[in-house]
1. If you check every pair at least six apart or on different chains, which have Cβ atoms under 8 Å apart with a residue in segment 170-183 that is touching a residue at least 12 places away in the same chain (Cβ under 8 Å) first and a residue that is near the ligand (Cβ under 7 Å from one of its atoms) and part of a strand (DSSP E or B) second?
2. Of the residues that make up segment 36-53, is at least one among the polar types (S, T, N, Q), part of a helix (DSSP H, G or I) and within 12 Å of the ligand (Cβ to nearest atom)?
3. For segment 1-25, how many residues are closer than 17 Å to Ala121 by Cα and away from the ligand (no atom under 13 Å from the Cβ)?
4. Just one of the numbered conditions (1) within 9 Å of the ligand (Cβ to nearest atom); (2) outside any helix (DSSP H, G or I) is not true of Gly93; which one?
5. Here is a list of conditions, (1) open to solvent by 20 Å² or more (accessible area, probe 1.4 Å); (2) in a loop (DSSP other than H, G, I, E, B); (3) out of contact with any strand residue (DSSP E or B) (no Cβ under 8 Å at 6 or more places or on another chain), and Gly88 meets all of them except one; can you say which number that is?
6. Within segment 234-246, identify whether any single residue is more than 20 Å from Arg19 (Cα to Cα), at pLDDT below 95 and in a loop (DSSP other than H, G, I, E, B), and answer yes or no.
7. If you take the residues of segment 154-197 that are open to solvent by less than 30 Å² (accessible area, probe 1.4 Å) and polar (S, T, N, Q), which of them is nearest to the ligand (Cβ to nearest atom)?
8. Which count do you get for residues in segment 16-49 that are open to solvent by 50 Å² or more (accessible area, probe 1.4 Å) and not basic (Lys, Arg)?
Amino acid sequence: MTTALITGATAGIGAAFARRLAAQGHNLVLVARDTARLREQATELHDRHGIEAEVLSADLSTDGGIEAVEKRLTDARHPVDLLVNNAGFGNKGRFLEVSMADELTMLKVHCEAVLRLTSAAVTGMEERGRGGVVNVASVAAFVPRGTYGASKSWVVQFTQGAARDLAGSGVRLMVLCPGFVRTEFHERAGMGTDNIPGWMWLDADKLVASALADLARGKTVSIPDPRYKALMGLVKVAPRGLLGGVTSRTGRKYGPR
Ligand SMILES: NC(=O)c1ccc[n+]([C@@H]2O[C@H](COP(=O)([O-])OP(=O)(O)OC[C@H]3O[C@@H](n4cnc5c(N)ncnc54)[C@H](OP(=O)(O)O)[C@@H]3O)[C@@H](O)[C@H]2O)c1
């Protein structure tokens, strides 16, 4: 039986990964900050699917939290076969409206934690000659969309580069780029969603099913929905100025300014 470690496993896309991988018979290591919620989820997945689900409470915006997950990923007695770097969040507001502390926390969770956890996991995977990493970015990585999009661009570039470096090693790296997904993300960030058209919303379970199929096919970049594949095709040819005007408004509720 293989083991998957998922960060941000308690809600939204991470919880959908946990449900899907448990249903496929993988043991799980569930990582997030809310210990009670993690325990409840672990019990439910164990009871429903008969898998082992470990709980690892860690705040990935802290060095201690990242170190705790690195330690689990490098435990050679209990190898992790699939790492899903999914934990993330949004900050409400334009550049300069968000405090520097919040901006740096985002970089820690979206970039530093992803770099360190991928490195910790891949070291053992390379030695064993097999394994996989899914880094959750966003289609915001491909458009001018504030510091959030910039952090997700880093995730895309990092994953593509590392995947290339590890080609032939038996270790697969894939970056998942979702569009808008119905999760707790926007509510947690205090962002309004009234201006996001209904057709743009994706279902987390369907998204994860497509992502895992893309991983099995050996894709390095996964944009799971035909609507977003078409949109990203347009993005490649649209003028950057026009894109900035449209994408910086959609799904972000600004404060006064
Ligand atoms: N929803 C969308 O429209 C959308 C679109 C594109 C990409 N994404 C990306 O998808 C990923 C998952 O987002 P989601 O929509 O599923 O959000 P969500 O429903 O708000 O879930 C976020 C998860 O991350 C965990 N988390 C947040 N901060 C953490 C920290 N400092 N340390 C450890 N865990 C932390 C949360 O658990 P705790 O609070 O218990 O720690 C929760 O399990 C994120 O990387 C996000 O940027 C989302």
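The values are calculated or read from the model by the stated rules, or taken from the named source; none is laboratory data. All of these numbers come straight from a predicted model, not from anything done at the bench. Positions of Cβ are backbone-derived with ideal geometry, glycine not excepted, and every protein chain shown enters the neighbour counts. Just so you know, the surface numbers come from the protein's heavy atoms only, side chains and all, with ligands and any DNA or RNA stripped out. Shrake-Rupley method; radii C 1.70, N 1.55, O 1.52, S 1.80 Å.
1. Note: pairs meeting the criteria are Val175/Val136; Leu176/Val136; Pro178/Val136.
2. yes
3. So the count comes out to 3.
4. Exception for Gly93: condition (1).
5. Every condition holds for Gly88 apart from (3).
6. yes
7. Thr159
8. 10
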